[in-house]
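Novice: One structure follows; several queries about it will come next.
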Amino acid sequence: MNRLIATNVLRRHWPYLAALQLPLVALGVLLLAPDLDIRFLAGTFHLVLMSVIAVCALVVACLAASASARTRQPGLVLLAAGCIGVGVLLLGHGLTTPFVLGQPLNRWVNRLPYLALGWFTLCLSLASTSRTRRLIAPLGRRPVRTFVAVVAVLGSLTALVSLDPTALGGSGDVQHEPFVKNVITYGCTALLLPVSWIHWRRFRLGLDIVQASLSIAAVMTAGALLSMHLGEQWRLSWWDYHGCLLAAFAGVAWAVLHRWRATRRAADVLDEAFSHDPLTLIAANYPIPLRALVEEMEAKDAYTHGHSARTAALAVSLGVRLGLAPDDLRTLAQGAYLHDIGKLTIPDEILNKPDLLTDDERAAINTHPDAGCEIASEHTVLAPCLPIIRHHHERMDGAGYPAGLAGEDIPLLARIAAVADVWDALTTDRAYRPGWQPERALDHIVDGAGSHLDPVVVAALLDLAGDLGLRPSGLDGDASQITSATTDCHEACVGSADLVPELRRRLATLEVRRPNGAS
């Protein structure tokens, strides 16, 4: 179903996505059939085409700059800076076209696109890779200074060579110029392909068309570099790189504007463009039915809403640690968020009762997995979440409810959500007890591994906690406390605070490393 949803998103935009591939297909045909690579000399058309591409790049730059001014995200600053460089330098590329506007033969007409694409590749690579977060963090604090510096340096160079294309060695090759162009072409191509894969994975997580456009733009930029480098000037293979650039930057501009029409705020469209957190990417594009159910749940019971959000956050971190594919992570996030949605059908006098429940009231509470499944099943887009909603209270020994499933008969995503649910239930303040210290909660979770909880998922939780320096205390646990914590969560709570808020926040939002060999 998740793959079907992703396919439907792509299908809605297939004319745009298919059109973007045409320049790459054309390049392959021209390189394989040199007889088709005819000469096409059109200087004025070249100037107009480069101006159009420059405008598309500057549109993206303006939207990214606007978003970065509000969010202070360094990734957006780099995207804006990269697109500013492309817009300014490619405009200079058009203005230095020989025999147009009286310009002489010169080398800058060939150099400027290398500089533009090399600069853009550097910016996009730094923005997209999680390993560079600390390096680029200062840019988020000073976006305006960054933009001013980029415009000043690249704008001055463009103005100088546009006024006199023979300046700065523009009348002939400088030493090692061919070698530098080789390094830029193949080095940038090697950087852009993994960047494209990063954004494609992010698209699969959140189904955000902006992520898909960034992925394709990276591939198109690599194609433009190869076409420019391998093609012969003024032949179709050389013109092909202009098509790649137009597809790349017009495509991103279209995707951002397409999303902007719905939100009317550039920052809302680009906020998560360079997020490295899977849950953030997923939540940015939650389906409308899920958002509506979440709002209804929050209106009925603020605690249930907060508990569900935290459970989803930890479940996704566990899913990443276990190597789940993006489609499964998206289902896990949505299902964990909605795992208690069936409590909408439970009367308030039972749900908020501060005293112990009667047997009849307990039976009513225990109907919430089936009730939640029925509510969510009314929305086709939520179909993948149903096993999580229905089976998050099953037990590995078969003593859970509602179906009494045991072991691996319980869906894996439901087993992951169950561990996250238990963790939050144990460490959250209740009217009748404060939230437990993490070490004490881990004691009881370890004791319940194999009987209540999946040992593999518990091991992932311990591994995740270990990264934060947390270990079980070594005291004997009591698995019955797990049942108590998860079944008594109806009782009025002090709130979502607990004894160690910073520690729990880090556990809930930690971006964990994927184990070797995980997909």
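Novice: Taking the alpha-carbon distance from Lys343 and a cut-off under 22 Å, which lysines remain once sequence neighbours fewer than 8 residues away in the same chain are dropped?
Specialist: The qualifying lysines are Lys300, Lys353.
Novice: Exposure proxy check: Leu468, Leu314, Leu462 ranked by fewest other beta carbons within 10 Å? List each step's numbers first, then the result.
Specialist: Details: Leu468 12, Leu314 25, Leu462 16.
Listing Leu468, Leu314, Leu462 from fewest to most nearby Cβ atoms yields Leu468, Leu462, Leu314.
Novice: Evaluate the distance, in nm, between pseudo-label points positioned 7 Å from the Cα of Leu193 and of Ala363 along their respective Cα→Cβ axes.
Specialist: 6.4 nm
Novice: Further question: Skipping prolines and chain starts, which residues have an amide H placed within reach, meaning under 5 Å, of the one on Arg235, given they are 5 or more residues away or on another chain?
Specialist: Hits under the 5 Å cutoff: Phe40.
Novice: Write out the trypsin sites (Lys or Arg not before Pro) in segment 40-146 meeting two conditions: DSSP loop, and at most 12 other Cβ atoms within 10 Å of their Cβ.
Specialist: Working: sites: Arg70, Arg72, Arg107, Arg111, Arg131, Arg133, Arg134, Arg141, Arg145; in loops: Arg72, Arg107.
Sites meeting the loop and neighbour criteria: none at all.
Novice: Let me ask another. When the chain is fully extended, how far beyond the present Cα-Cα distance does Gln233 get from Ala383, taking 0.36 nm per residue of separation?
Specialist: Numbers: separation 150, 0.36 × 150 = 54.00 nm, distance 5.39 nm.
Value of the extension gain: 48.6 nm.
Novice: List the residues of segment 238-259 whose backbone N lies under 17 Å from a point placed 7 Å from the Cα of Phe45 along the Cα-to-Cβ direction.
Specialist: From segment 238-259, the list is 238-247.
Novice: For segment 108-118, what does the Karplus curve 6.51 cos²θ - 1.76 cosθ + 1.60, with θ = phi - 60°, yield as ³J(HN,Hα) per residue in whole Hz, taken in order and with x for Gly and Pro?
Specialist: With coefficients 6.51, -1.76 and 1.60, one gets 5, 4, 8, 6, 4, x, 4, 5, 4, 6, x Hz.
Novice: Roughly how many nanometres apart are two label points built 7 Å out from the Cα toward the Cβ at Arg142 and Tyr401?
Specialist: Label-label distance for Arg142 and Tyr401, simple model: 6.1 nm.
Laboratory data are not the source of any read-out in this text; all were calculated from the coordinates shown. Everything numeric here is computed off the predicted structure, so don't read it as measured data. Heads up, the Cβs are rebuilt from the backbone with ideal geometry, glycines too, and the neighbour counts pull from every protein chain shown.
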